[in-house]
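Written out below as structure tokens is the structure these notes cover.
The values are calculated or read from the model by the stated rules, or taken from the named source; none is laboratory data. Please read all numbers here as calculations on a predicted model, not as lab measurements. Here Cβ is always computed from backbone atoms with ideal geometry, including for glycine, and neighbour counts include all displayed protein chains. Surface areas here come from the heavy atoms of the whole protein model, side chains and all, with no ligands, DNA or RNA. Shrake-Rupley method; radii C 1.70, N 1.55, O 1.52, S 1.80 Å.
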Amino acid sequence: IELGPEQLAKIRSAIDKAAAKGAKESLLLMDNMAMIVNVSNRTVVTAMDGSSMREHVFTQIDSAVIVGS
């Protein structure tokens, strides 16, 4: 998955919001993508596009952030 500067800025902002709420492992939903992020390390652990998300179960997360366009 390739991300542009604008998308990276949105991800950073979403991680900041999750961190402010005390999240540790967060699901970020953006456009047609889903990412599991380790908030304290600011690291994307898992990333998948829309077709990979079908019937996928997300586990071991404590929050979800829907990133606006």
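Quick one: in segment 22-43, which of the residues that are small (Gly, Ala, Ser) and at pLDDT 95 or above is nearest to VAL57 (Cα to Cα)? Restricting to residues being small (Gly, Ala, Ser) and at pLDDT 95 or above, the top hit is SER26. Can you find even one residue in segment 46-62 that is modelled with pLDDT of 95 or more and open to solvent by 90 Å² or more (accessible area, probe 1.4 Å)? Looking through segment 46-62, none of the residues is modelled with pLDDT of 95 or more and open to solvent by 90 Å² or more (accessible area, probe 1.4 Å).
Please work out if ALA14 is at pLDDT 95 or above, touching an Asp or Glu at 6+ places or on another chain (Cβ under 8 Å) and surrounded by 13 or more Cβ atoms within 10 Å (Cβ to Cβ). No; evaluated as a whole, the condition is false for this residue.
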